[in-house]
1. Those residues that are under 13 Å from Lys67 (Cα atoms) and open to solvent by 80 Å² or more (accessible area, probe 1.4 Å), I need them from region 36-50; list them, please.
2. Check Lys55 against each of (1) charged (D, E, K, R); (2) open to solvent by less than 50 Å² (accessible area, probe 1.4 Å); (3) over 11 Å from the mean Cα position of the chain (by Cα) and name the one condition it does not meet.
3. Residue check, Ile26 against (1) at negative phi; (2) free of Cβ contacts under 8 Å to residues at least 12 places away in the same chain, all met but one. Which one?
4. Would you call Lys12 in contact with an Asp or Glu (Cβ under 7 Å, 6 or more places away or on another chain), assigned to a loop (DSSP other than H, G, I, E, B) and basic (Lys, Arg)?
5. Go through region 22-40 and report how many residues are part of a loop (DSSP other than H, G, I, E, B) and among the basic types (Lys, Arg).
6. Regarding Ser64, is this residue among the small types (Gly, Ala, Ser), surrounded by 11 or more Cβ atoms within 10 Å (Cβ to Cβ) and part of a strand (DSSP E or B)?
7. Which of (1) within 18 Å of Ala11 (Cβ to Cβ); (2) touching a helix residue (DSSP H, G or I) at 6+ places or on another chain (Cβ under 6 Å) does His48 not meet, given it meets every other one?
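The values are calculated or read from the model by the stated rules, or taken from the named source; none is laboratory data. Small disclaimer: the values here were computed from a predicted structure and weren't measured. Note that each Cβ is placed from the backbone with ideal geometry, even for glycine, and that neighbours are counted across all protein chains shown. Surface accessibility is based on the protein's heavy atoms, side chains included, excluding ligands, DNA and RNA. Shrake-Rupley method; radii C 1.70, N 1.55, O 1.52, S 1.80 Å.
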Amino acid sequence: MYIHVKVTPGAKRESLKKLKTDHYAILVKEPAERNLANRRVTELLSAHLATPLGKIRLVNGHRSPSKIFSIN
């Protein structure tokens, strides 16, 4: 299953908003450097979907605010 995520790094508060069944908008406190924001987004998705971290993989958009994650 693939999930499309719009990420906003450097936000004051973290939030995860489900837009559609496979589209999310996520705000994270971490900056968009050294992969910090991507790791935090993966952790938030893991907690929200009740899926282990090892099952979530960033497929596309490593340096873009629009990302695609694969959930196994």
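1. Selection gives Arg39 alone.
2. The single condition Lys55 does not satisfy is (2).
3. For Ile26, the exception is condition (2).
4. No: the conditions fail for Lys12.
5. Final tally of qualifying residues: 2.
6. Criteria not met by Ser64.
7. (2)
Quick grid of which residues meet (1) assigned to a helix (DSSP H, G or I); (2) in contact with a strand residue (DSSP E or B) (Cβ under 9 Å, 6 or more places away or on another chain); (3) free of Cβ contacts under 8 Å to residues at least 12 places away in the same chain:
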position: Ile3; (1), (2), (3): no, yes, no
position: Val7; (1), (2), (3): no, yes, no
position: Leu16; (1), (2), (3): no, yes, no
position: Lys20; (1), (2), (3): no, yes, yes
position: Thr42; (1), (2), (3): yes, yes, no
position: Ser46; (1), (2), (3): yes, yes, yes
position: Arg57; (1), (2), (3): no, yes, no
position: Phe69; (1), (2), (3): no, yes, no
